[in-house]
Structures are given as C-alpha cells and as structure tokens.
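Colleague: Quick one: this structure, given as structure tokens, is what I'll be asking you about.
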Amino acid sequence: MTANGATGSFAIEEWPDPVCRLSDDDGTQVVQAVNEAFERTFGSIEPGEPVTTLFETFDLSVVLGPEDPTVVGTEADKIIAESNRGRSEREPDTRYLLRAVPENGDTDGVLLFTPLPEEAAREADEIGLDHVASVISHDLRNPLDVAKAHLRAARETGEADHFEHVADAHERMERIVEDVLTLASGSDVIQPDEMVELSGVVENAWTNVDTDDADIVLKGPLPSIIADPDRLGRLFENLFRNSIQHGGSAVTVTVGPLESAKGFYVADDGQGIPSAQQARVFDPGFSTDDHGTGLGLSIVARVVDLHGWSVTVTESANGGARFEVTGIETS
C-alpha cells in the first residue's frame, strides 16, 4: 500500500529510504501510508494497522531505544531496529536508524528508516550499544536539526527543493554513524595519505556545524598537512561544536598555526575548562555539561591518535579553551 502523501505535509515518495506515515487513532499510532521504498524493503501493510503490527509483521525488533516500539513520538530519537526479513540465515541482519518526525503536534508524523552500513552494524555489538546511543544523541543532533528545519520549510512552502537538504542531512547522519563506529575498530580506518589544505577543511567543517551567532577567525597562513581529510573534518567539527556548546552561541573561535611546533590550534573566548578537569576532557563519557555525552572530544583524541599526532588543552588568551594539535607532517 503506497501513497503519494497527498493527505500529509510532504510527499513520502520523494524519500529514497523506507518511510511510513503515522497518524493518531484514538490514542494509538497507526499506519496511514508507506512509500515504494518501504514496500520493496519490507512489504505491504494495510492502512489503519497499529505500529506494533508493523514491527511484528516485518520481523523488526528494537535493539537500541525504547523497549516498547509504539513509542515513536518526539522522544524516540535514538532507535536502532533490526530486521532479517527477506535475508538468509547465513547473512547478517539489517539494522536501521529510526527517526520519528512529528508533523501535526506530537502524534502524527513519519517514521524514517535509514539503513546502517553493515560494518557499522557489526561494530555496534563489539563496542557496546550504550556507546552507540551516546554517539547518536551527541553527534547527530546538528544534521537532525537541519533536517527538521527543512521539513518545516517544506510543509510551509510546498517546495520540493527542501527534500534535497533533508536527504543530505540524513546522508550525513549515516556517515557520522559509520565514522564513529569504524573509528572504534582500529587504526586501519584512518588513511592519512593526502596533502590537505587546512584552511579549506576548517571552512567546510564550520559550515557543517550549527554555529548560531558564533564567529570564526582564521589566523593565517594555515599550513597544508598530510592527513585523512574526512576524519580531519570530523575533528574540527567536534572542536567547533564543543566551543559553541560550552562557550555560548556568540562565542568566537580562532584557528591558527603553531609557531613553536608543527601543528595548529583551535581556541575560543568562552568560559574555558577548569585546570583540574583539563586532564579528563578527552576521556569517553566525561563532560563538564550536565546534558553532554562526553564523546565529542574523545573522538577528537581518537582521530589525533590514529594520525600519530598529539593533542593538549589549555587556557586561551581570552580565558576560553585552547586545543593544540602537534606532531603534524606539513608541506
């Protein structure tokens, strides 16, 4: 049973991944329509069936998130579901990142199934699902906000161009999940074999972060360095996000070369990190923010370590935080 989404806020057929439109039926969330990608992946389902029936019919089980699969409202943003429908016993189960995006209040909306890369799904078991949950809640927040904003714009304007931005955001979420999980698997996932223009990586990373009213200053010239450009971009994104999260939406972030060593620094004029806590900021799970997961800087440290570099944290000239990365091979 497919639908073009004419009764909803946007056409679910525009979506490349499986999508299920939900509606409220006297307090119970039921299936209203699914797109062709859903039917190709799982099969057809009749309108009006409860969400619980969807999970039972297509052999979907929640391996990370609420135990009750009917909880697919605004709080269900960390679900990983698993399905072995249509696969042989010798093949691994397929896992999906589930996002429930509300449309009309908190009850109606769409349930998005984003396939996780098989390697990432395997690593989820090896490094622990609690770790995966924390990474998802921390690092996927920004592209998720971007996707939500464009969904709202699409509902208000009816312009299909917004779906391209939403699709880009979801691709980025998938890439983040894959990056973080594969980073935990070993040094072979880092390929520091390209000459990278540091200024270009910094600028791209800044655009990938929800910067609010924050400003960035590049103290140049920044060197060209030997690095893995994708992982280096993740390093800067996490440092920028850390500055904004802890320094405030109007923080100024400065990136520049180190004069006394081969490397670069990222500094801000925020509230800084107490000296007693500086030695722990790279530990997984440690955060000076009650609402933080403490994984952003641990990923920074992991990227640095796999490149063979070193990273330290100290106080910036303006009283904020200053991160220095050294031991870099430059041009």
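Colleague: Can you give me the ranges of the helices (runs of 4 or more DSSP H) entirely in the range 96-171 with at least 1 residues that are modelled with pLDDT of 65 or more?
Modeller: Of the helices (runs of 4 or more DSSP H) lying wholly inside the range 96-171, those with at least 1 residues that are modelled with pLDDT of 65 or more span 141-157.
Colleague: Sort out which residues of the range 10-60 are touching a helix residue (DSSP H, G or I) at 6+ places or on another chain (Cβ under 7 Å) and of a type in the set (Asp, Glu), and write them in order of number.
Modeller: Matches in the range 10-60: Glu13, Glu14, Asp17, Glu36.
Colleague: Ok, one more. Just to be sure, is Ser199 closer than 14 Å to Gly320 by Cα, modelled with pLDDT of 90 or more and assigned to a helix (DSSP H, G or I)?
Modeller: no
Colleague: Taking the condition basic (Lys, Arg) and at pLDDT below 85, does Arg21 pass?
Modeller: So Arg21 does not fit the description; no.
Colleague: Additional query: Being modelled with pLDDT of 80 or more, over 22 Å from the mean Cα position of the chain (by Cα), surrounded by fewer than 19 Cβ atoms within 10 Å (Cβ to Cβ) and not small (Gly, Ala, Ser) is the requirement here; does Asp26 meet it?
Modeller: yes
Colleague: Of all the residues that make up the range 31-65, how many are part of a loop (DSSP other than H, G, I, E, B) and open to solvent by less than 20 Å² (accessible area, probe 1.4 Å)?
Modeller: Qualifying residue count, the range 31-65: 5.
Colleague: Give me a count of the residues in the range 198-222 that are touching a Ser or Thr at 6+ places or on another chain (Cβ under 7 Å) and farther than 17 Å from Ala267 by Cβ.
Modeller: Residues meeting the conditions: 2.
The values are calculated or read from the model by the stated rules, or taken from the named source; none is laboratory data. It should be emphasised that the depicted structure is a prediction, and the values quoted were computed from it without experimental measurement. Glycine also receives a Cβ, built like all others from the backbone with ideal geometry; neighbour counts cover every protein chain displayed. Please note that ligands, DNA and RNA were not included when accessible areas were found on the heavy atoms of the full protein model with its side chains. Shrake-Rupley method; radii C 1.70, N 1.55, O 1.52, S 1.80 Å.
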